[in-house]
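In what follows, a structure is listed as structure tokens, so that the remarks can point back to it.
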2 protein chains.
Amino acid sequence: MRRLPVAVNSGAMPLLLISSSSVHGYGYLDHSEPEIRRILEGVRRVAFVPFALKDRDAYTEKVRERLTRMDVAEVVQVDGPAEIDSADAVFVGGGNTFRLLKELYERKLMTPIRERVRGGLPYIGSSAGTNLAGPTIKTTNDMPIVQPPSFEAFGFVPFQINPHYLDPEPGSTHQGETREERIREFLEENDTPVVALREGTMLRVEEQATTLIGIRNARLFRSGAYPLEIEPGSRIEEFLQAPG
Amino acid sequence: MRRLPVAVNSGAMPLLLISSSSVHGYGYLDHSEPEIRRILEGVRRVAFVPFALKDRDAYTEKVRERLTRMDVAEVVQVDGPAEIDSADAVFVGGGNTFRLLKELYERKLMTPIRERVRGGLPYIGSSAGTNLAGPTIKTTNDMPIVQPPSFEAFGFVPFQINPHYLDPEPGSTHQGETREERIREFLEENDTPVVALREGTMLRVEEQATTLIGIRNARLFRSGAYPLEIEPGSRIEEFLQAPG
């Protein structure tokens, strides 16, 4: 019954997909600084996509300050395709995934970003920006505060991502679904595997290989199979087709 | 700046909007039994809408067993408009709100249910079914596992509902948004007030009056105003236009 999706990775596409921009006890983007420096090596101008938060200028300023401390020369706030065309890398910041995706569709930015990244433009996503790297936003944790024209996202990787993954709380008396239950509901309706990224972890995609980076395991959910725990340093592709 | 939505309640429409079908320590629908008995007084046939869960037959069976113990003669699983036409009341069960709404649109059930309830058919919603009583599903907690054609819901009440409301956890180190932060994001993009229903509470709507029932307060969020705590027994309408 399980149909595995066709891999859509191109060879060149470098991606860094961060679960959360902050981790308890560390400053903004601190825990991912070595990976950000790695993917941005030789990059002069970063195009920043701020649409997941309401106050875009303040958000861009925060990212500009932080990336400048990582020796990035220029951070440009994305308004339309021109900023994508002239960038050496793109960074899609976190916030609300529905707000982010709606704005990208309305500004006709989905195709330019997708094409440039497929052509080799380095892509950094954090949280909502990481959600967009999968085929759809159907495994976001966010509230659907606005309605985008479609749930379809960039599809840079052939699996869904669930950022900020939270393990079930032992002894909780709350009757709402756990995160695991929500992802199982997704798999009742969809065949795409889901890589759940705990805070403090990220995925590095280089040369068709997706590597888990960080301080904790990822958890892989597939239709009709038990979830798998994936350790840091592992290649995600080796687990996508593992026996259930 | 704040525009209050036009009230859409008709006079006759009796609604019972339950935050969660279960409460810790009680069986299925136990805590709401007195209110369910009240709204179903004199009702012979209940049309049950099971689409929020995957296994519809098992879900209907569970509800049938429970409502029979409340002296309901007949529980019919809704398939299309015919079951709505012939019912004395409708019960929309909880589960995933996106799956529920998509199915209702696809089966062309939105208009028949809306019209019959506006005409006086008693409506019981639980969790996802409660979300649908507001103007949109934009304050659901659920994962968007499928894409409905629209986020527009029944609009029986002029405010959004957030069921299973959870207070922020003191001392949490998780960086994901709290429920309150998610609702504030909704209010950054929308003017409609949000009534957050903690588990163990429900709203009874009768004769244009919405009363909070249950063991805990509700929390009202409005654009540009501090949240208000509303005590059981209060009329929600008195708070919707209160000074911020």
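The values are calculated or read from the model by the stated rules, or taken from the named source; none is laboratory data. None of the values given here were measured: they were computed from a predicted structure. Neighbour counts are summed over all protein chains in view; Cβ atoms, including those assigned to glycine, are modelled from backbone coordinates with ideal geometry. Just the protein is used for accessible areas: all its heavy atoms, side chains included, with ligands, DNA and RNA removed. Shrake-Rupley method; radii C 1.70, N 1.55, O 1.52, S 1.80 Å.
What shape does the range B:140-217 have by the C-alpha gyration tensor, where a ≥ b ≥ c are the square roots of the eigenvalues, rounded means a/c under 1.5, and otherwise prolate means a/b greater than b/c and oblate the rest? The shape class here is oblate. Separation of the range A:145-187 from the range B:20-77 is 28 Å, based on Cα centroids.
Within a straight-line Cα-Cα reach of under 25 Å, residue B:102 can be paired with the following lysines, leaving aside sequence neighbours fewer than 8 residues apart in one chain: A:102, A:138, B:54, B:62, B:138. Shape call for the range A:15-166 from the C-alpha gyration tensor, a ≥ b ≥ c root eigenvalues: rounded (a/c under 1.5), prolate (a/b greater than b/c) or oblate? Rounded, because the longest to shortest axis ratio a/c is under 1.5. Under 5 Å from the amide H of residue A:76 lie the amide H atoms of A:46, A:47, A:48, each residue being 5 or more positions distant or on a separate chain, with H modelled from the backbone and absent for Pro and chain starts. Each 10 Å bin from zero up to the one holding the largest Cα-Cα distance in the protein assembly as shown carries the following percent of pairs: 4, 20, 28, 24, 15, 7, 1, 0.
In chain A, helical runs assigned H by DSSP with n ≥ 4 each contribute -39500 (n - 2.57); averaged across all residues and rounded to the nearest 500, the mean residue ellipticity at 222 nm is -7000 deg cm²/dmol. Note the full-extension length gain between residue A:65 and residue A:209 as 0.36 nm times their separation in residues minus their Cα-Cα distance, in nm to one decimal. Value of the extension gain: 48.7 nm. Summary for residue A:235: label point 7 Å along Cα→Cβ; distances to the equivalent points in the other copies, ascending, 6.9 nm. Using θ = phi - 60° in the Karplus curve 6.51 cos²θ - 1.76 cosθ + 1.60, the 3J(HN,Hα) couplings for the range B:229-243 round to 8, 10, 8, x, x, 6, 8, 4, 4, 5, 9, 4, 10, 5, x Hz; x is entered for Gly and Pro. Based on the alpha-carbon gyration tensor of the range B:96-235 and its eigenvalue square roots a ≥ b ≥ c, which shape applies: rounded if a/c is under 1.5, prolate if not and a/b is larger than b/c, or oblate? The shape class here is oblate. FRET efficiency for the residue B:191 to residue A:115 pair, using the beta carbon distance and R₀ = 25 Å, is estimated at 0.10.
Taking the Cα centre of the protein assembly as shown as origin and assigning +1 to Lys and Arg Cβ atoms and -1 to Asp and Glu Cβ atoms, the resulting dipole is close to 480 debye. Within the range B:36-80, the trypsin sites (Lys or Arg not before Pro) that combine a DSSP coil assignment with at most 10 other C-beta atoms in a 10 angstrom radius are B:69. Against chain B, whose longest principal axis is taken from its Cα atoms, helix B:56-68 shows a tilt of about 80°. When the trypsin sites (Lys or Arg not before Pro) in the range B:77-152 are filtered for DSSP coil states and for at most 16 other beta-carbon atoms within 10 Å of their beta-carbon, the remaining sites are B:107, B:108. State the antiparallel share, in %, of DSSP beta bridges confined to chain A, rounding to the nearest 5. Of all bridge pairs located within chain A, approximately 50 percent are antiparallel. Here's how it looks for residue B:234: its modeled amide H is under 5 Å from those of B:212, which are all 5 or more places away or on a different chain. 3J(HN,Hα) along the range A:166-175: 10, 6, x, 8, x, x, 5, 9, 5, 8 Hz, from the Karplus curve 6.51 cos²θ - 1.76 cosθ + 1.60 with θ = phi - 60°, whole Hz, x for Gly and Pro.
I'd like the carbon and sulfur percentage of the solvent accessible area for the range A:86-244, probe radius 1.4 Å, heavy atoms only, ligands and nucleic acids excluded. Reported share for carbon and sulfur atoms: 45 percent. The phi torsions of the range B:122-127, fed into the Karplus equation with coefficients 6.51, -1.76 and 1.60 and a -60° offset, translate into couplings of x, 10, 10, x, 10, 6 Hz, rounded to whole numbers, with Gly and Pro shown as x.
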